[in-house]
Protein chains: 2
Amino acid sequence: MAEPERPRSRKRRLDGERSRAAVLDAAIATLGRQADASIEDIAAAAGVVRQTVYAHYPSRTALLTAVIDHLTTETASALDAIDVTSPPPEQALRRWLEASWAVVERYPILLSPVIATAAPPADEHDRHRPVTTRLVDLVRRGRRTGVFEERHSEEWTISAVIALGHAAGQQVAAGRMSSAEAAAAYRDSVLRLVVKLPMAEDD
Amino acid sequence: MAEPERPRSRKRRLDGERSRAAVLDAAIATLGRQADASIEDIAAAAGVVRQTVYAHYPSRTALLTAVIDHLTTETASALDAIDVTSPPPEQALRRWLEASWAVVERYPILLSPVIATAAPPADEHDRHRPVTTRLVDLVRRGRRTGVFEERHSEEWTISAVIALGHAAGQQVAAGRMSSAEAAAAYRDSVLRLVVKLPMAEDD
DNA sequence: CTTATCTTGGACGTACGTGTCTAACTTAAG
DNA sequence: CTTAAGTTAGACACGTACGTCCAAGATAAG
């Protein structure tokens with residue numbers, strides 16, 4: 001965390017940083033396709049050799065951690081770019097859905113069990129919590145203001161939104177829907193599920 | 001399929017069949033919790049030793065196939081018990097949801113990637129298709145009769161229903177919702193998503 | 001150009017899961 | 001009780017992935 005990145009030695013080659021980034025990208029892409037990909041697979045995808053991976057990341061766990069950290073940072077900044085707190089909840093939700101879909105499309109690994117399962121030893125059980133945090137706040141606000149459905153628990157709403165995101169991502173991955181179709185279906189479905197209807201229905 | 005189960009040898013011990021069933025049950029339970037459980041794990045859960053598993057199932061793949069076959073049969077018969085073709089689509093969907101939730105609750109492995117991933121070599125890519133087939137037919141009928149939403153593709157509806165089932169199952173598994181809560185949330189959410197609203201909204 | 005960094009190839013040890021075999025034992029079936 | 005079915009313990013071969021070490025070659029930095 002508090003690492004000043006002190007250039008203590010006189011020579012540092014940007015050569016190294018490039019291959020380090022290549023390995024990280026390859027890990028994200030490869031693990032997104034195959035959650036149990038080996039270091040060998042990742043190295044091949046990065047165009048390097050297994051030992052080079054270990055030169056930058058001491059262990060598989062370390063690489064996994066780096067992947068998750070990178071994704072968390074990227075996602076957080078992508079979601080920070082949108083304002084989700086001031087617009088009316090429905091509008092904010094639309095923006096959140098659009099932004100998060102874009103991120104998921106760029107990093108399909110986010111929908112893979114790699115992230116959830118990769119909790120090393122006794123780390124936080126939800127590393128990607130910083131991402132859903134904004135959604136949680138948004139849902140709470142929508143409920144407080146009376147424009148979001150409150151029939152079921154808040155957590156159910158969150159998990160339903162995530163689950164529909166998974167479904168949309170899988171449709172695209174399976175080639176059964178275009179990215180635009182999936183995005184629209186995802187958006188419409190979530191809104192239909194979350195936003196309270198104009199007139200109250202019976203039970 | 002057409003195996004007369006001929007008692008060709010003079011002695012057959014029901015002892016064997018009991019442990020065979022124990023292994024199968026243990027495999028279903030264990031793989032439901034941990035998709036990559038070893039034969040050792042399954043054997044331990046069954047109260048036997050690894051070699052005993054191999055005495056009944058020649059390979060891991062064979063065991064997996066047996067698990068899937070068993071689940072397919074069980075699920076099919078559970079869903080055959082309900083009539084999903086004659087009642088009005090919404091009512092039929094309610095029944096389908098209730099029945100399929102009961103099955104999923106009994107066999108959490110159905111929501112695990114074990115089933116989808118376990119396609120051996122060039123087998124059907126969807127072994128559990130016989131289960132969703134009924135849902136597909138039901139959704140088609142509801143669309144034709146004009147009571148189900150047609151805004152997005154049929155396949156999206158199916159995959160959304162499955163995805164919400166996953167979400168509900170995970171909530172229960174994580175202890176965040178009771179089984180009854182999850183069932184209700186699942187049912188309500190699917191209906192809200194699938195059934196056309198009384199009055200057409202704008203775009 | 002010199003030097004330290006980086007990558008590479010080769011080899012090695014370890015751990016784990018699969019699948020097979022065999023001999024000894026328990027136990028249900030006749 | 002006798003016999004064959006079934007389970008067990010032990011050992012083995014095999015493959016795969018992880019992680020480490022080292023020496024040689026390529027290359028960017030000064």
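The values are calculated or read from the model by the stated rules, or taken from the named source; none is laboratory data. Given the structure is predicted, the values throughout are model-derived calculations rather than measurements. All Cβ positions, even for glycine, are placed from backbone atoms using ideal geometry, and neighbour counts span all protein chains on display. Calculation scope for accessible area: heavy atoms of the full protein, side chains included, ligands and nucleic acids excluded. Shrake-Rupley method; radii C 1.70, N 1.55, O 1.52, S 1.80 Å.
Things worth noting here:
Residue by residue, here is whether (1) facing chain B (nearest Cβ under 9 Å); (2) closer than 27 Å to residue B:179 by Cβ; (3) in contact with a Leu (Cβ under 8 Å, 6 or more places away or on another chain) holds:
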{"position": "A:153", "(1), (2), (3)": "yes, yes, no"}
{"position": "A:170", "(1), (2), (3)": "yes, yes, yes"}
{"position": "A:175", "(1), (2), (3)": "no, no, no"}
{"position": "A:181", "(1), (2), (3)": "yes, no, no"}
{"position": "A:184", "(1), (2), (3)": "yes, no, no"}
{"position": "A:190", "(1), (2), (3)": "no, yes, yes"}
{"position": "A:194", "(1), (2), (3)": "no, yes, yes"}
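- Conditions (1) among the small types (Gly, Ala, Ser); (2) more than 14 Å from chain A (Cβ to nearest Cβ); (3) open to solvent by less than 20 Å² (accessible area, probe 1.4 Å): number failed by residue B:146: (3)
- Filtered residues of the range A:23-71 (kept if in a helix (DSSP H, G or I), within 9 Å of DNA strand D (Cβ to nearest atom) and closer than 22 Å to residue A:104 by Cβ): A:42, A:63
- Taken over the range A:82-114, residues that are under 17 Å from residue A:164 (Cα atoms), open to solvent by less than 20 Å² (accessible area, probe 1.4 Å) and at pLDDT below 85 amount to 0.
- Residues that are open to solvent by less than 30 Å² (accessible area, probe 1.4 Å), more than 14 Å from DNA strand C (Cβ to nearest atom), away from chain A (no Cβ under 14 Å) and free of Cβ contacts under 8 Å to residues at least 60 places away in the same chain do occur in the range B:20-37.
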